[in-house]
Amino acid sequence: MQLTLYDKIWNEHLVHQQKDGTALLFVDRHLIHEVTSPQAFEGLRNSNRKVRQPNLTLAVVDHNIPTTDRSKGIKDEDSKIQVETLDKNCNEFGIQLFGMNDKRQGIVHIVGPEQGFTQPGTVIVCGDSHTATHGAFGSLAFGIGTSEVEHVLATQTLVQKKAKNFRINVNGKLAIGVTSKDVVLQIIGKIGTAGGTGSVIEYAGSLISDLSVEQRMTICNMTIEGGARAGLIEPDQKIFNYLKDRPMSPKNESWDRALEYWNTLKTDKDAKFDKEINLTAEDIAPMVTWGTSPQDVVTIDGKIPNPENESNIDRKNSIDRSLKYMGLKADVAVQDIKIDKVFIGSCTNGRIEDLREAAKILKDKKKAAHVHGMVVPGSGLVKEQAEQEGLDKIFIKSGFEWREPGCSMCLAMNADKLKPEERCASTSNRNFEGRQGRGGRTHLVSPGMAAAAAISGNLDDVRKYNN
């Protein structure tokens, strides 16, 4: 029987399967942070259980921490309690923690790969929907709920039902100024936020193979916005080179054995997929979201849609509501939309390559005077590397704030928030109502597009600055 990559990893980790399809999977790696873990640890305490394999769990603080001067501590009392609680829980249960002042601290989905904790062929879980990011390494990575976090801590297993196989092929070469963020935004625009429901998506094709490791992470990261359970990309030499000599990667003979296994992690030639679509890279342009769902996307040279053109009444009402919330009018050119803030960061676009992409556009240019700009590295190690390359100086000179690592303005769980009706060009992953702050208006873009918007003060086409 010919198997997909998803099938192979699933079969390797299947502990037991019931007649109704409910299965128990072994979990190789468990990432935790301060938001979804407190109740899980309390559950363990109440049932007098231990963490079954603490060495397979890694904890990071990221959602609630400040990205400005940390010597002053955390002002918000609820955030402070969550961070302190994670510290206490990790001490009590023997779990390694990268705390707020640890250089290795950062967003959990950036820290896992850069430490070598994320590896091909593994099942990885985290109480966070964007765990799909780790699929870029050929790992089966799920976001899980709080009760499931407790179950994994106690048993090192996860209850699941097998998903369907969905392959998205992207072939060709991207034009200058077009990035993996544009690829995934176009995919979500094409399939919709429910297009991947009940499926694990494998990304394949010549473009996917050509992408760097970090670009692949951006695509897998936003798989969840297309409704899928997880995203997967076949691991190759780029992945192996990235992981070699990372602190938690296999060493010496273990590395050789790991490589031998990792090289088998490929979809068989004649494996059957339940669904398959094809995209041509040359057809993809820089994308921007206009509404309150990641599927509300247009090209940067496009216009805001007109609900009157919709025959489907539900879609018409949805566009009406989004336009009202976003403070936009139908048929307005996207490049005529003025912005207030620019946020460069998040688990989608807070890695070193993302910062380089933005810095390349901003070099020797100033942001518009009315725009407030923030750059938030995805981890302390990303921050350190960016400073070694002088990227921080480019950002500061252009008028941006250079911050400490964390989730920051991706979501309104810390001090970095939009005010009501403030409009932001953001490199994050969600543009829901209130996602970046109550009443805040979010336009999802790539790092280069965010930089272009900062310079002009409007949503703008990065291709103008790529000459």
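The values are calculated or read from the model by the stated rules, or taken from the named source; none is laboratory data. Remember, it's a predicted structure, so these values are computed and weren't measured experimentally. Note that we place each Cβ from the backbone using ideal geometry, even for glycine, and neighbour counts take in every protein chain shown. Protein only, heavy atoms only, side chains kept; ligands, DNA and RNA dropped before computing areas. Shrake-Rupley method; radii C 1.70, N 1.55, O 1.52, S 1.80 Å.
May I ask you to derive the FRET efficiency for I277 and N46 from their Cβ-Cβ distance with R0 = 41 Å, giving the value to the nearest 0.05? The value I calculate is 0.30.
Helical content alone sets the calculated 222 nm signal of the chain at -9500 deg cm²/dmol, taking -39,500 (n - 2.57) per DSSP H segment of four or more residues and averaging over every residue. Here the label points at S147 and T22, each 7 Å from Cα along the C-beta direction, are separated by 1.1 nm in the simple model.
Within straight-line reach of K269, meaning a Cα separation under 20 Å, sit the following lysines at least 8 residues removed in sequence or on another chain: K8, K164. A Förster radius of 45 Å combined with the Cβ-Cβ distance from E260 to K365 puts the calculated FRET efficiency at roughly 0.40. Cut-off under 19 Å on the C-alpha distance; same-chain residues fewer than 8 positions from K360 excluded. Which aspartates and glutamates are left, in chain and number order? Reachable aspartates and glutamates: D182, E214, E384, E387, E389, D392, E401, D460, D461. A cut-off under 14 angstrom between Cβ atoms defines the neighbours of T22, and their net charge, with Lys, Arg +1 and Asp, Glu -1, is +1. In this model, which of K338/K464; K316/K417; K80/K419 are farther than 26 Å apart at the alpha-carbon? K316/K417, as the Cα separations exceed 26 Å there. Along the charge dipole of segment 93-188, which of I144, G177, V125 sits closest to the positive end, that is, farthest toward it, with unit charges on the beta carbon of Lys, Arg, Asp and Glu (+1, +1, -1, -1)? So the residue furthest toward the plus end is G177. Rolling a 1.4 Å probe over the heavy atoms of the protein chains gives the chain an accessible area of 40 Å² per residue.
Debye-formula intensities of segment 395-467, expressed as log10 I(q)/I(0) at q = 0.11, 0.19, 0.25 Å⁻¹, are -0.28, -0.82, -1.23 (one equal scatterer per alpha-carbon, no solvent). About its Cα centre, the dipole of segment 206-274 is roughly 120 debye, where the only charges are +1 on Lys and Arg Cβ and -1 on Asp and Glu Cβ. Taking 0.36 nm per residue of separation and subtracting the Cα-Cα distance, full extension of the segment from A330 to M1 would add 113.3 nm. The relative contact order of the chain, computed from alpha carbon pairs under 8 Å that lie at least 6 residues apart in sequence, is 17 percent. Put a dot 7 Å past the Cα of K316, heading toward its Cβ, do the same for K251, and the two dots end up 6.7 nm apart. Taking all Cα pairs closer than 8 Å and separated by 6 or more residues, the relative contact order of segment 113-217 comes to 25 percent. Under a Cβ-Cβ cut-off of 12 Å, what is the net charge of the residues other than V108 that fall near it, where Lys and Arg count +1 and Asp and Glu count -1? Counting the neighbours of V108, the net charge comes to -2. Here the chain exposes an accessible surface that is 47 percent carbon and sulfur, computed with a 1.4 Å probe and the other protein chains kept in place.
Charges were assigned to the Cβ only: +1 to each Lys and Arg, -1 to each Asp and Glu. The resulting dipole of segment 309-453 about its Cα centre is roughly 300 debye.
In this label model, N466 and K303 are separated by 2.5 nm, measuring between points 7 Å along each Cα→Cβ vector.
Once the Cα-Cα distance is subtracted from the 0.36 nm per residue extended length, the D270 to A154 segment shows a gain of 37.9 nm. Think of each Lys and Arg Cβ as +1 and each Asp and Glu Cβ as -1; about the Cα centre, that makes the dipole of segment 30-88 roughly 340 debye. Considering only F395, V334, T348, and ranking their Cα positions along the charge dipole of segment 328-454 that arises from unit charges at the beta-carbon of Lys, Arg, Asp and Glu, the one farthest toward the positive end is V334. Of all lysines in the structure, those lying under 19 Å Cα to Cα from K251, and not within fewer than 8 positions of it along the same chain, are K238. Full extension of the chain between N91 and V15 gives 24.4 nm of extra length, using 0.36 nm per residue less the Cα-Cα distance.
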